[in-house]
Amino acid sequence: SGGWVAPGVAASIGILIGLNAEQMQHAIALAEYSSPQATQDRSVEFPSMMKEGVPFACVSGAKCAELALAGMTSMKPFLQDSKFANDLGDNWEITNTYFKDYACCRWAHPVLDCFKTTIVSQLGFDIKTVNQIKVLSFDKATLLHKRRPETIMEAVYSIPFSIGCFVVFGNVDPVTIAKPGTLSHPTIMEIADKVQIIEDPELTKEFPLKCLERLILEFEDGSRYQSGILSAKGDPQNPYSVKELEEKFLRITAPVMGDRNKEIIQLLDVGSDLKKLTASNIIDILNHTEFP
């Protein structure tokens with residue numbers, strides 16, 4: 001992820017600070033050169049604040065835009081010769097990615113949606129009656145198996161914990177996960193202990209283009225519930241509406257920005273001319289925000 005983030009941030013910051021075409025080319029190429037590399041498998045298996053290199057990539061991309069503005073030059077960016085440069089301005093790749101509703105790894109979201117829409121809301125859920133919770137998924141999802149996360153980073157990369165957190169609190173959001181006692185909550189641990197993550201070769205074939213899972217609940221009385229193939233809301237095939245994305249932004253930023261977060265939404269209004277948007281517009285709002 002970090003490998004793509006740095007050029008993306010460089011381009012975004014470059015627009016906000018008014019880079020011309022030549023400077024933008026340099027900014028993107030500098031970002032390609034300085035992109036951090038943190039492999040996905042290692043990042044998932046050993047969760048940390050490195051987060052696949054994304055945080056450092058943001059810093060690197062922003063700095064590369066500033067360097068280009070200051071006159072630093074670069075080689076021709078690889079991105080310029082790729083197929084992704086053929087339809088710039090016509091095809092927006094961000095519409096081909098996913099947006100998340102839960103504050104945990106995307107690989108947990110299909111089963112969380114199933115618990116939200118079916119298991120909890122329609123069938124009811126009593127952990128005392130459940131013998132096993134089987135999550136059939138693609139091969140890499142089996143790395144998210146930790147049942148006793150010791151840190152928040154380990155928790156958000158744990159399917160067993162995420163299921164337990166959702167069942168107990170009805171959500172998996174930053175406030176809930178960070179709340180004292182959540183990581184060691186006895187009911188969450190009880191639920192997590194019953195979760196098995198099993199590779200399904202057919203679902204592995206669909207990854208990474210699709211993040212699919214199946215859920216099986218085996219009950220103490222011998223009965224079972226088995227879902228169909230699950231995908232998560234927010235995938236390109238089942239996207240969130242603009243209103244839902246705005247609600248998520250407002251919900252997450254409200255504790256930090258208060259009502260001023262609505263001004264960001266107004267700046268990015270679909271009907272507005274984004275070419276007129278500059279860094280000073282956003283900085284002005286942030287400068288007048290009292291952060292805790």
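Tell me, what is the per residue accessible area of the stretch 1-61 in Å², probe radius 1.4 Å?
Numbers: 3270 Å² over 61 residues.
Heavy-atom SASA per residue in the stretch 1-61 reads 54 Å².
For the chain, which longest stretch is free of loop sites, where a loop site is one of the GluC sites (Glu not before Pro) that DSSP puts outside H, G, I, E and B and that has at most 12 other Cβ atoms within 10 Å? Each step should come with its number before you reach the end.
On the way: sites that count: 150, 220, 290.
Result for the longest clean stretch: 1-149.
Taking 0.36 nm per residue of sequence separation and subtracting the Cα-Cα distance, how much length would be gained by fully extending the chain between residue 224 and residue 95, in nm to one decimal? Provide the component values of the computation, followed by the final result.
Details: separation 129, 0.36 × 129 = 46.44 nm, distance 3.71 nm.
Residue separation times 0.36 nm, minus the Cα-Cα distance, leaves 42.7 nm.
So, for the stretch 201-267, what is the accessible surface per residue at a probe of 1.4 Å, expressed in square angstrom? Present the calculation step by step, with values, prior to reporting the outcome.
Numbers: 4200 Å² over 67 residues.
Accessible area per residue: 63 Å².
Report in % the part of the accessible area of the stretch 96-181 that belongs to carbon and sulfur, leaving out ligands and nucleic acids; probe 1.4 Å.
Numbers: 1870 of 3590 Å².
Heavy-atom surface of the stretch 96-181 belonging to carbon and sulfur, 1.4 Å probe: 52 percent.
Per residue of the stretch 77-83, what does 6.51 cos²θ - 1.76 cosθ + 1.60 with θ = phi - 60° give for ³J(HN,Hα)? Whole Hz please, x for Gly and Pro, Karplus curve as stated.
Those phi angles translate into x, 4, 4, 5, 9, 8, 5 Hz.
Which entry in [x] 21.5, 71; [y] 22.7, 77; [z] 20.0, 68 is this structure's computed Rg and Dmax of the Cα atoms in Å?
Recomputing Rg and Dmax of the Cα atoms in Å here gives the entry labelled [x].
Would you please name the trypsin sites (Lys or Arg not before Pro) within the stretch 64-107 that are DSSP coil residues with at most 16 other C-beta atoms within 10 Å of their C-beta?
Passing both the DSSP loop test and the Cβ count: 100.
Using the Karplus equation 6.51 cos²θ - 1.76 cosθ + 1.60 (θ = phi - 60°), what ³J(HN,Hα) coupling, rounded to whole Hz, does each residue of the stretch 190-204 give in order, writing x for Gly and Pro?
My calculation for the stretch 190-204 gives 4, 5, 4, 5, 9, 8, 10, 10, 10, 6, 10, x, 5, 6, 4 Hz in order.
Quick one: work out the % antiparallel among DSSP beta bridges in the stretch 88-217, nearest 5. Mind showing how you got there, number by number?
Values: 4 of 9 bridges.
Of all bridge pairs located within the stretch 88-217, approximately 45 percent are antiparallel.
If you count only protein heavy atoms with a 1.4 Å probe, what accessible area per residue comes out for the stretch 79-169, rounded to a whole Å²? Present the calculation step by step, with values, prior to reporting the outcome.
Values: 4450 Å² over 91 residues.
For the stretch 79-169, the per-residue accessible area is 49 Å².
In this model, which of 140/262; 116/210; 51/205; 76/100; 63/179; 100/262 are farther than 27 Å apart at the alpha-carbon? Write out the running numbers ahead of the final one.
Numbers: 140/262 38 Å; 116/210 20 Å; 51/205 25 Å; 76/100 34 Å; 63/179 34 Å; 100/262 20 Å.
Violating the 27 Å limit, Cα to Cα: 140/262; 76/100; 63/179.
The values are calculated or read from the model by the stated rules, or taken from the named source; none is laboratory data. These figures come from a predicted structure and were not determined experimentally. In this analysis, Cβ positions are derived from the backbone assuming ideal geometry, glycine residues included, and neighbour counts consider all displayed protein chains. Only protein heavy atoms, including side chains, enter the accessible area calculation; ligands, DNA and RNA are left aside. Shrake-Rupley method; radii C 1.70, N 1.55, O 1.52, S 1.80 Å.
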